[in-house]
1. 7 Å from Cα along Cα→Cβ at both residue 73 and residue 38: what's the point-to-point distance in nm?
2. If r is the Cβ-Cβ distance from residue 150 to residue 184 and R0 is 25 Å, what FRET efficiency results, to the nearest 0.05?
3. How tilted is helix 68-83 with respect to the longest principal axis of the chain? Cα atoms for both, answer in degrees (0 to 90, nearest 10).
4. Under a crude label model (7 Å from the Cα following the beta-carbon direction), how far is residue 66 from residue 80 in nanometres?
5. How large is the helix-only mean residue ellipticity at 222 nm for the chain, computed as the sum of -39500 (n - 2.57) over DSSP H runs with n ≥ 4, divided by its residue count, in deg cm²/dmol to the nearest 500?
6. Mind checking the alpha-carbon convex hull of the range 43-96 and giving the volume per residue in Å³?
7. In degrees between 0 and 90, to the nearest 10, how far off the longest principal axis of the chain does helix 170-183 point, with axes built from Cα atoms?
8. So if I take the centroid of the Cα atoms in the range 30-54 and the same for the range 124-166, what is the distance between those two points in Å?
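Every read-out reported here was derived from the displayed coordinates using simple, explicitly stated rules and does not represent laboratory data. All values reported here derive from a predicted model rather than from experimental measurement. Positions of Cβ are backbone-derived with ideal geometry, glycine not excepted, and every protein chain shown enters the neighbour counts.
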């Protein structure tokens, strides 16, 4: 890990730590990321929230008005900025890994966790969600399958850890991530 990771005190030892969560829309990056940051005592950032602040409207509206390429340009700029910041946990947008520069920045800046969810799990969570632009199509399940096929290899390329989300609760997912970080020596076990 490089020296720009967050400092996390553990048993008198300063550990440097910065985490990024990647995964398909609805995989739990924001919810899990917020609780993980709280548990680790780190700052939490959500790249989609920062993008909305920057463009002054919802991602859905920006997508409709400016298109996906313009959105990805803003996203790349925000990810660059957030990966150069201090300690923390970063929840990325589902398509953040589409650009090679983002994949490299995320991987180089800290530990990347892929919250892997199947399209079948995601459709149950997202069937009533109208705020995800890429899923506002006639067949959202087909779209999720297509996104999974396209992005799963990119998430795996970017990630240091893959966590199967399945149906566990958010605290269980946070515990799974903590255990992986402990096993990898990125944080000290809690006694």
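1. Simple spin-label model gives 3.8 nm for this pair.
2. Values: r = 28 Å, r/R0 = 1.11.
That gives a FRET efficiency of 0.35.
3. Orientation of helix 68-83: about 10 degrees from the principal axis.
4. Spacing of the two 7 Å Cα→Cβ label points: 1.4 nm.
5. Details: 8 runs with 96 residues, N = 191.
Computed mean residue ellipticity for the chain: -15500 deg cm²/dmol.
6. Numbers: hull volume 3.6 nm³, N = 54.
Expressed per residue, the convex hull around the Cα atoms of the range 43-96 is 66 Å³.
7. So the inclination is approximately 50 degrees.
8. What the calculation gives is 19 Å, centre to centre.
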